[in-house]
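Read through the structure below, which is laid out as structure tokens, and then see the notes.
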Amino acid sequence: MNFDPRYLDRNFTSVGTRPIRPDGVDKVTGRARYGADFNMAGQLVGRVLRSPHAHATIRKIDTSKAEKLAGVKAVITAADLPDLTDGDAAMYDILDNCMARNKALYDGHAVAAVAAVDARTARQALKLIEVDYEVLPHVTDVDEAMKHSAPLINEATFTEGLEEKPVKPSNVTKRSQFGHGDVHQGFGHADFIVERSFKTEQTHQGYIEPHACVASVSSDGTADLWVCTQGHFVYRQHCAQLLGMEASKLRVTSSEIGGGFGGKTHVWAEPVALALSRKAGRPVKLVMTRDEVFRASGPTSATSIDIRIGARKDGTITAAEATLRYSSGPYAGTWAEIGAMTAFACYRLDNVKTVGYEVLVNRPKTAAYRAPSAPMAAFAVESAIDELAKEIGMDAVEFRIRNAAQEGTRSSYGPVYGPIGIGPTLEAVKNHPHMKAPLGKNQGRGMACGFWFNFGGQTCTDLNIGMDGSVSLAVGTVDVGGSRASLSLVAAEELGIAYEQVKAVVADTSSLGYNDMTDGSRGTFSSSMATISAARNAIKVLRERAAQMWDIPVDDVVWEKGHAIAKGEKHGNLGRLSLKEIATASGKTGGPIAGHSELVADGAGVSFATHICDIEVDPETGATRVLRYTVVQDAGKAVHPTYVEGQYQGGAAQGIGWALNEEYIYGKDGRLQNPGFLDYRIPVCSDLPMIDTQILEIPNPNHPYGVRGVGETSIVPPLAAIANAVSNAVGVRMTHIPMSPPRILAALEAEQAG
Amino acid sequence: MVEVTLWGSLGTAAGGKNKVDIEAKDIRELFRKLAEQYPGLEPWIDRGIAVSIDGVIYRDTWSKELPQGAEIFLLPRLAGG
């Protein structure tokens, strides 16, 4: 790669405008094809048998009756997905999660699957599969799972990250620690100390589109997979590895995506569908039901967090400490580690220490959820920060401004910050009209800050110029939030042509080099970098072709505003050649004109946001209503401001649901009690006010246009902002998310009882 | 020679050190020499470590040079949503 990603201040023509998205008409007319919209001739219906037990040894599975049922074409168990992971522990966990081997580890864990000619036959076949379980004691609560008396989920788990290797196994897979300075000394200098414990319940990303795919394995060993995913190249790698295929022989095509938010970064059904198709010799379509999505995809962690923060009378924080316990399902994760890194990232601290514990529980394997792990840590920290400001007698915003991190601050997770936006978002909030609006009875206002790292990754892009001068842009990052529009704007900007001349598509895995998935808020950051690089490579070719057409040295040709221009007085009468003129002549100047780029887009800029929330609480019922909500966030550069605002609003809306209603509820039997949208209540339009947004632009020095990621940070502050608002409305500190009506009433009653 | 700071848990795997001096010109050489000199770090490197150079985080650009005097900080490789 010979590409300079450094930021250069410039005036934009296309970037920063708000054209209609290229996928918009198809989506509003129903033409867009989502995962379940693909069909093939002769396709079978796949269905999965799932464990009804939270924890059980699988003694035996008898599939003989199901196999004899007319219309059943294949039945598979773990025996059809042998362990080919070659010691890769993370891949083995994915394999075991796709199809349980020796033990069922949660209610909903797949134990067998069938492919049949229709759904009715497939369901009948599932009923004919006999599984002999030995039910084991289970644990679903994160704090309970850490106790010595808790049932062991994996007897080979010895806590990693301790100074001495433990002699006994436990449900704690790892301890991680971050920080600097001396917190003991720091607390010694504090005039006020706030110390509290917090809990958050497990939530699901709540994407509207369930997981869906069609797998077709040919008798020659090649295969196709059409799937709803955030990363079709990653799915190809994982599926190929799990099924013992060469990656190049598996072509994966991503569909439109009805929401992912981190939940579609992980394979569940896809290896199963491929294994069924391989065994049946026919295409297999596998669509998860909503019940299956809740029980057996990847929700976020439940958490238990202790916070201690000390400050002097003048409002300077002297020390901050957090212990964070995150559930990861029955497999090892790094979720508490991320929480420990993000917890105090907004602040300038001389003495800080965070410790994270990854905890196994009999729940589904935790997956990423939009800035994974950060919202829960922010809830705990920002609640304690608010409380500390009150104790000192300072305004909550002023207290945060006084302690906010800035350029040159050593972050709580280690490195020193470059230019960052936490201070500007706080100043914007301080001056926002929302902060001065009057409140009524039973109403409260809260605000909170949030941080997310953002990252880049491997990215490959092709830019092809047609003979009519139109431009095809093939990208490998799945468009989850309007990136085809933003990347078309970037291509138009770089080439100096109109947005309407560019058509962006998401290419399949056989048409483009490898791309990491769309996660870490990297879609627009990474693919815009690759698009700029590809466009610059295409411009180089365009200049060469123009030089041929003029019969002058290529060094005498420059590219400006979509045209080749011959520079120098000696070429003064050559006029200029448009991109279209050069493209039309391309057949006679060397053939097609294209620009290609493959790069690792490192150097993503960290992102900060500050949110304000007004809420009304009914003290008789505990019911809440969000009255007003404002998001202020640094985008670096908003390529398509409408979609940046959409990301801000979407994150806030999901955070509101998480803060007020959403939670996984398990019975004593370890079974999920609410696997459906009637009992697991995500916010709908009528629950939400119009969410106001304010985009700040502090350029990322490591992107040519200054772009930072914007997709995730917006979900970090809401839990805390809403908790602060509710606490201010009712006069009781809320410490347990979600703040559902029963939980608010219980907190009020506990306060009254003293 | 560059000074490399390890995050808390990684320091434990390196025998309790939170700073190490390594003669390395780029990230690739840094990881190779870390694994040679501190075998306890090898599984962590295999699983993925990000490198912060003067505050800019690199996850995959192993050819990135380590400038003399730069602040080098090792971090866990992150997941995102």
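The values are calculated or read from the model by the stated rules, or taken from the named source; none is laboratory data. As the structure is a prediction and not an experimental result, all values here were calculated from the model. Methodologically, a virtual Cβ is constructed for each residue, glycine included, from the backbone with ideal geometry; neighbour enumeration extends over all protein chains shown. Surface areas here come from the heavy atoms of the whole protein model, side chains and all, with no ligands, DNA or RNA. Shrake-Rupley method; radii C 1.70, N 1.55, O 1.52, S 1.80 Å.
The alpha-carbon of A:K27 sits under 27 angstrom from the alpha-carbons of these lysines, leaving out residues fewer than 8 places away in its chain: A:K264, A:K285, A:K503, A:K637. Each 5 Å bin from zero holds the following percent of Cα-Cα pairs in the stretch A:2-98: 2, 7, 10, 11, 11, 11, 9, 10, 9, 7, 6, 5, 2, 1.
Looking at the square roots a ≥ b ≥ c of the eigenvalues of the Cα gyration tensor of the stretch A:655-754, which shape do they give, rounded for a/c under 1.5, prolate if a/b is larger than b/c, or oblate?
On the way: a/c = 2.50, a/b = 1.65, b/c = 1.52.
Taking the square roots of the gyration eigenvalues as a ≥ b ≥ c, the stretch A:655-754 is prolate.
For the stretch A:48-68 versus the stretch A:204-224, the inter-centroid distance based on Cα atoms is 23 Å. Taking each residue as 0.36 nm, the span from A:D618 to A:D88 lengthens on full extension beyond its C-alpha to C-alpha distance by 185.6 nm. For the cross-link pairs A:K68/A:K127; A:K540/A:K561; A:K103/A:K147; A:K168/A:K353; A:K313/A:K430; A:K168/A:K199, the ones whose C-alpha atoms lie over 18 Å apart are A:K103/A:K147; A:K168/A:K353; A:K313/A:K430; A:K168/A:K199. Here the Karplus curve 6.51 cos²θ - 1.76 cosθ + 1.60, taken at θ = phi - 60°, turns the phi angles of the stretch A:516-525 into couplings of 5, 6, 7, 8, x, 6, 9, x, 6, 4 Hz, with x standing for Gly and Pro. Inter-chain neighbour count for A:598-606: the average number of beta-carbon atoms from partner chains within 10 Å of each residue's beta-carbon is 4.
Backbone N atoms of the stretch A:205-235 closer than 11 Å to the 7 Å Cα→Cβ label point of A:Y34 belong to residues A:207-212.
The calculated P(r) of the stretch A:378-448, using every Cα pair and 5 Å bins from 0, goes 3, 14, 20, 23, 22, 10, 4, 3, 1, 0 in percent. Take each residue in B:55-66, count the other chain C-beta atoms within 10 Å of its C-beta, and the mean is 6.
Could you tell me the calculated FRET efficiency between A:E164 and B:E42, based on Cβ-Cβ distance and R0 = 25 angstrom, to the nearest 0.05? Once rounded, the FRET efficiency stands at 0.80.
Each Lys or Arg adds one and each Asp or Glu subtracts one; over the other residues with Cβ under 13 Å from the Cβ of A:L745, this totals -3. Projection of the Cα convex hull of the stretch A:93-210, averaged over all directions and equal to a quarter of that hull's surface, yields 13.1 nm².
Would you calculate a helix-derived [θ] at 222 nm for the protein assembly as shown, using -39,500 (n - 2.57) for each DSSP H run of n ≥ 4 and dividing by the full residue count, to the nearest 500? Mind showing how you got there, number by number?
On the way: 22 runs with 232 residues, N = 835.
That calculation yields -8500 deg cm²/dmol at 222 nm.
Rounded to the nearest 5, what % of the DSSP beta bridges within the stretch A:281-330 are antiparallel ones?
Values: 9 of 10 bridges.
Bridges in the stretch A:281-330 are about 90 percent antiparallel.
About the Cα centre of the stretch A:401-454, what is the dipole size in debye to 20, counting +1 per Lys and Arg Cβ and -1 per Asp and Glu Cβ, all else neutral? Numbers along the way, then the final one.
Numbers: 6 positive and 2 negative charges, 62 e Å.
Dipole magnitude for the stretch A:401-454 comes out near 300 debye.
The interface between chain A and chain B buries about 2200 Å² of solvent-accessible area in total (1.4 Å probe, ligands and nucleic acids excluded).
As a test, work out the antiparallel percent of DSSP beta bridges whose residues both lie in the protein assembly as shown, rounded to the nearest 5. Looking only at bridges with both residues in the protein assembly as shown, the antiparallel portion is about 75 percent.
When a/c reaches 1.5 or more, the comparison of a/b and b/c decides; with that in mind, is the stretch A:603-677 rounded, prolate or oblate per its Cα gyration tensor? Verdict is oblate for the stretch A:603-677. Note on A:H571 and A:N2: with the Förster distance fixed at 30 Å, the Cβ-Cβ geometry gives a FRET efficiency of about 0.60.
Output the antiparallel fraction of DSSP beta bridges having both residues in the stretch A:405-505, as a percent to the nearest 5. All intermediate terms of the calculation are to be shown ahead of the outcome.
On the way: 6 of 10 bridges.
In the stretch A:405-505, DSSP labels about 60 percent of beta bridges as antiparallel.
Relative contact order for chain B: 35 percent, from Cα pairs under 8 Å spaced at least 6 residues apart, divided by residue count.
Only Lys, Arg, Asp and Glu count, each charged at its Cβ (+1, +1, -1, -1), so figure out the dipole size of the stretch B:2-61 about its Cα centre, rounded to 20 debye. Numbers along the way, then the final one.
Numbers: 8 positive and 10 negative charges, 27 e Å.
That gives a dipole near 140 debye.
Of the residues A:A566, A:G731, A:W226, the one whose Cα sits farthest toward the positive end of the charge dipole of the protein assembly as shown, with +1 on the Cβ of Lys and Arg and -1 on the Cβ of Asp and Glu, is A:W226. Taking one quarter of the surface of the convex hull spanned by the alpha-carbon atoms of the stretch A:407-526 gives a direction-averaged projected area of 12.2 nm².
Which whole number in µm²/s is D for chain A by Stokes-Einstein, with the Kirkwood Rh taken over Cα pairs at 10 °C and 1.306 mPa s?
Working: Rh = 27.5 Å.
Approximately 58 µm²/s, per Stokes-Einstein.
Neighbouring Cβ atoms from other chains, within 10 Å of the Cβ of residues in A:407-419, number 4 on average.
Would you please state the base-10 log of I(q)/I(0) at q = 0.13, 0.17, 0.19, 0.26 1/Å for the stretch A:176-259, with intensities from the Debye formula using one equal scatterer on every alpha carbon? For the stretch A:176-259, the Cα-only Debye profile gives -0.63, -0.79, -0.90, -1.23. The charge dipole of chain A, taken about its Cα centre with unit charges on the Cβ of Lys, Arg, Asp and Glu (plus for the first two, minus for the last two), comes to roughly 1180 debye.
Measuring max minus min along each principal axis, the C-alpha atoms of the stretch A:41-164 give extents of 58, 30, 22 Å (largest first).
Shape verdict for the stretch A:243-337, please, from the Cα gyration tensor: rounded (a/c under 1.5), prolate (a/b greater than b/c) or oblate. Prolate, because a/c is 1.5 or more and a/b exceeds b/c. For the stretch A:328-441, the share of alpha carbon pairs falling in successive 5 Å distance bins from zero is 2, 10, 16, 19, 19, 13, 9, 7, 4, 1 percent. The residues of the stretch B:2-61 have, on average, 43 Å² of accessible surface per residue, using a 1.4 Å probe with all protein chains present.
Rg/Rh for the stretch B:2-61 (Cα atoms only, Rh after Kirkwood) is 0.91. Between A:E407 and A:D182, residue separation times 0.36 nm minus the direct Cα-Cα distance comes to 78.8 nm. Remark: accessible surface ordering of A:S686, A:S578 (largest first) is A:S686, A:S578, probe radius 1.4 Å.
What does the accessible area per residue of the stretch A:164-240 come to in Å², with a 1.4 Å probe and no ligands, DNA or RNA counted?
Result: 39 Å² of accessible area for each residue.
Once all protein chains are placed together, A:M529 keeps about 0 Å² accessible to a 1.4 angstrom probe.
Here r is the Cβ-Cβ distance between A:K147 and B:A35 and R0 is 51 Å; the resulting FRET efficiency, rounded to 0.05, is 0.90. On the protein assembly as shown, 49 percent of the accessible area sits on carbon and sulfur atoms, based on a 1.4 Å probe.
Treating only the Cα positions of the stretch A:677-731 as identical point scatterers, give the base-10 log of I(q)/I(0) from the Debye formula at each q in 0.16, 0.17, 0.20, 0.21 Å⁻¹. Result of the Debye calculation: -0.79, -0.85, -0.99, -1.03.
Descending by average beta-carbon neighbour count within 10 Å, the peptides A:694-704, A:134-144 line up as A:694-704, A:134-144, the highest first. The Cα atoms of the stretch A:568-643 define a convex hull whose projected area, averaged across directions, is 12.4 nm². Interface residues of the stretch B:1-24, defined as those losing at least 30 Å² of solvent-accessible heavy-atom surface relative to the isolated chain (probe radius 1.4 Å), are listed as B:W7, B:S9, B:T12. Report note on the peptides A:652-662, A:360-370, A:489-499, A:175-185: ranked by the mean count of other C-beta atoms within 10 Å, highest first, their order is A:360-370, A:652-662, A:489-499, A:175-185.
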